[in-house]
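One structure is given below, encoded as structure tokens.
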Amino acid sequence: MREELDKLFTLNPSGLAYDSRRVEPGFVFFAIKGFVQDGHDYVADAIRRGAAGVVVERAVEVPAGVFVVRVADTRLALALAAARFYGFPGRRLRLVGVTGTNGKTTTAHLIGALYQARGEKVGLIGTLYTRVGDLIIPEERTTPESLELQYFLKRMLEEGATTVVMEVSSHALALKRVAGLEFDAAVFTNLTQDHLDFHRDMEEYFRAKAELFKELIRPGVKSRPKLSVLNIDDPYGVRLSALSASRVITYGVDGAADLRARDIALTGGGTRFVAEGPWGRVPVRLKLMGRFNVYNALAALAVGLGEGFPPEETARVLEGVPAVAGRFERVDVGQDFTVVVDYAHTPDGLENVLHAARALTKERVIVVFGCGGDRDPAKRPVMGELAGKLADFTVVTSDNPRSEEPSAIIAAVEEGLKRVTGRERYILEPDRREAIALALEQAQTGDVVVIAGKGHEDSQIIGDAKLPFDDRQVAAAILRKLLQARDKGAKTG
């Protein structure tokens, strides 16, 4: 691949693009075969727009004078070319990658807070946004495409960043988006059923995640030792320990980990535990709620301890981190029951959130959720069964149905519900706004209502339309109307 890129850069390209509509004179266009469209079909359009060269995987016809480079993998070529084009910014940054099915966003924010507390300027790249200095750029993907990713890293360097904490999805690893980056540390949170519309099975899903840790043991240009931080309570974490860097810190609650949580206390105001390991014992008090956040905090603690940060200082920083948007985030307008919005969209995520909700109340737990269309259909009945077992009442609705018929998705979820509970304990309502209203209208004093699946998202995808919809805003508006109606009824009564 190096020889091909050397030839390519003899053009001294003014820019790179994988979308022909973004090509400008002097650019090089990379023809990438996607899931819906094939970039090779747009080579002619790229040339019309001024492309000086094209990178392809198969033969294409081009006019005389257009430079053509043929490679085995244009995705990989784009990633490596983008790193070179932007001056290899990742080599001058400390890169911390966080991967796993659940917990990536919160864990990344906790880790970022540790470095920031030590006076560093920190970049964050993930599900919520890409933060470049003080500039926040919304992102549609957990990990951006390689070209945008390298650009963001360059911007972060220019803004004075020294460390970048990045969520690294299995898609990003499988599709070579992070190829050419040399990570200093990698964190594994967990691996549970998700993305089986993209990966053939869980083993392929695991192999994609494992690439991040295999990369740590390959020779690179950075001299400092690499660090792997692994959740050893997860069997996939145990497997990763044999594939990881020379410095490995394991964490967990149940297993024999290097860093363990003891004396866990879950409350409505947060979470308390004692972190125990070779570094001693240190009490941790989080504003974050739920047992799953114990794992997220342990992962961040392990990174800090691996970096040599004092345990007490590390714990103190974590104690000050607020809840992350859409992650067990409360919606409170003065009602006498608890409403929580969470991004949980996998079986494991839903199970964790419902257990966390149960710990907050002796009354009922009500859940509203759906499953995304054009995504792993096998998890739908599994999530339905979990809701039936763990919640007192379930409202099944639409998430992002995309191109699928919402009623078909809901019917698949209902199959799981019917295995464990009767019709009196759930209702089907395709309209998400109406579903949230149904749940909130029946909530009573002390109940907990969980609105799961979309978390921080501010839109709903139905067909080809992306419609404004924020669970937090919708719930707050409905709650205000309910309180107004109750106040009016109390006055007239």
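What does the helix-only formula give at 222 nm for the chain: each DSSP H stretch with n ≥ 4 adding -39500 (n - 2.57), the total divided by the residues, and the result rounded to the nearest 500 deg cm²/dmol?
Result for the chain, helices only: -11000 deg cm²/dmol.
Rg and Dmax of the stretch 231-327, Cα atoms, in Å?
13.1, 40
How large is the Kirkwood hydrodynamic radius of the chain, in angstrom, based on all distinct alpha carbon pairs?
24.1
Could you give the length gained by full extension between D45 and E3, i.e. 0.36 nm per residue of separation minus their alpha carbon distance, to one decimal place?
12.5 nm
Skipping prolines and chain starts, which residues have an amide H placed within reach, meaning under 5 Å, of the one on N231, given they are 5 or more residues away or on another chain?
F188, Y251
Report the gain in length on full extension from R224 to F35: 0.36 nm times residue separation, minus Cα-Cα distance, nm rounded to one decimal.
64.2 nm
I'd like the Karplus ³J(HN,Hα) series for the stretch 73-81: coefficients 6.51, -1.76, 1.60, θ = phi - 60°, whole numbers in Hz, and an x wherever there's a Gly or Pro.
Coupling constants for the stretch 73-81: 8, 6, 5, 5, 4, 5, 4, 5, 5 Hz.
Among A174, P235, L479, whose Cα sits farthest toward the positive end of the charge dipole of the chain (+1 at Cβ of Lys/Arg, -1 at Cβ of Asp/Glu, about the Cα centre)?
So the residue furthest toward the plus end is P235.
Please quote Rg/Rh for the stretch 38-175 to two decimal places, taking the Kirkwood radius as Rh and restricting both calculations to Cα atoms.
Ratio of gyration radius to Kirkwood radius for the stretch 38-175: 1.06.
For the stretch 457-472, what does the Karplus curve 6.51 cos²θ - 1.76 cosθ + 1.60, with θ = phi - 60°, yield as ³J(HN,Hα) per residue in whole Hz, taken in order and with x for Gly and Pro?
Each residue's phi maps through the Karplus curve to give 4, 10, 8, 10, 9, 10, x, 9, 8, 10, 9, x, 6, 10, 3, 5 Hz.
Quick check: pseudo-label points 7 Å beyond the Cα along Cα→Cβ at R118 and S241, how many nm apart are they?
2.5
State log₁₀ I(q)/I(0) for the stretch 170-282 at q = 0.15, 0.19, 0.22 Å⁻¹ as given by the Debye formula over alpha-carbon point scatterers of equal weight, solvent excluded.
Listed by q, the Debye log ratios stand at -0.76, -1.03, -1.17.
For the stretch 99-131 and the stretch 369-407, write down the distance between their C-alpha centroids in whole Å.
Each part's Cα centre sits 29 Å from the other's.
Going from the alpha-carbon gyration tensor of the stretch 86-319, what semi-axes, largest first and in whole Å, does one get by taking the root of 5 times each eigenvalue?
Largest first, the stretch 86-319 gives 26, 21, 17 Å.
From the C-alpha coordinates alone, can you work out the Kirkwood hydrodynamic radius of the stretch 329-488, in Å?
Answer for the stretch 329-488: a Kirkwood hydrodynamic radius of 15.4 Å.
If packing is taken as the average count of other Cβ atoms within 10 Å, what order do 213-226, 89-102 fall into, highest mean first?
Result, highest mean first: 89-102, 213-226.
Considering amide H positions built from the backbone, and no H for Pro or chain starts, which residues 5 or more places from I451, or on another chain, come under 5 Å of its amide H?
V340, V341, D342, V368
So how far apart, in nm, are the two label points at R207 and A477 if each is 7 Å from Cα heading toward Cβ?
Distance between label points: 4.7 nm.
In whole Å and largest first, what semi-axes does the C-alpha gyration tensor of the stretch 270-401 yield when each eigenvalue is scaled by 5 and square-rooted?
32, 18, 13
To check you understand DSSP bridge types, tell me what percent of the beta bridges within the stretch 2-84 (both residues inside) are antiparallel, rounded to 5.
Rounded to the nearest five, the antiparallel share is 10 percent.
Would you mind telling me the antiparallel percentage of the DSSP bridges in the chain, rounded to 5?
Expressed as a percentage, antiparallel bridges in the chain total about 35.
Starting from 0.36 nm per residue, how many nanometres of slack lie between K389 and R70 once their C-alpha separation is accounted for?
Stretched out fully, the K389 to R70 stretch lengthens by 109.4 nm.
Take every DSSP beta bridge whose two residues both sit in the stretch 329-488, then give the antiparallel share in percent to the nearest 5.
25
Over all pairs of distinct alpha carbons, what does the Kirkwood formula give as the hydrodynamic radius of the stretch 2-84, in Å?
12.3 Å is the Kirkwood radius here.
Using the Cα centre of the chain as the reference point, and only Cβ charges (+1 on K/R, -1 on D/E), how large is the resulting charge dipole? Debye, rounded to the nearest 20.
Using Cβ point charges on Lys, Arg, Asp and Glu, the chain gives about 980 debye.
Check cross-link reach from K454 to the lysines: straight Cα distance under 20 Å, and skip same-chain residues fewer than eight apart.
Once the sequence-local lysines are set aside, what remains near K454 is K104, K379, K466.
What's the angle, to the nearest 10 degrees (0 to 90), between helix 406-420's Cα axis and the longest principal axis of the chain?
So the helix axis and the longest Cα principal axis differ by about 50 degrees.
Collect residues whose amide H, placed 1.01 Å from N in the peptide plane, falls under 5 Å from the amide H of K226; neighbours closer than 5 in sequence don't count.
Placed amide hydrogens put S246, R247 under 5 Å from K226.
At 7 Å along the Cα-to-beta-carbon direction for both D374 and E441, put a label point, then send me their distance in nm to one decimal.
3.3
Coordinate-derived values only; no laboratory data. The model shown is predicted, which means the values in this text are computed figures rather than measured ones. Positions of Cβ are generated from backbone atoms using ideal geometry, with glycine treated the same way; all protein chains shown enter the neighbour counts.
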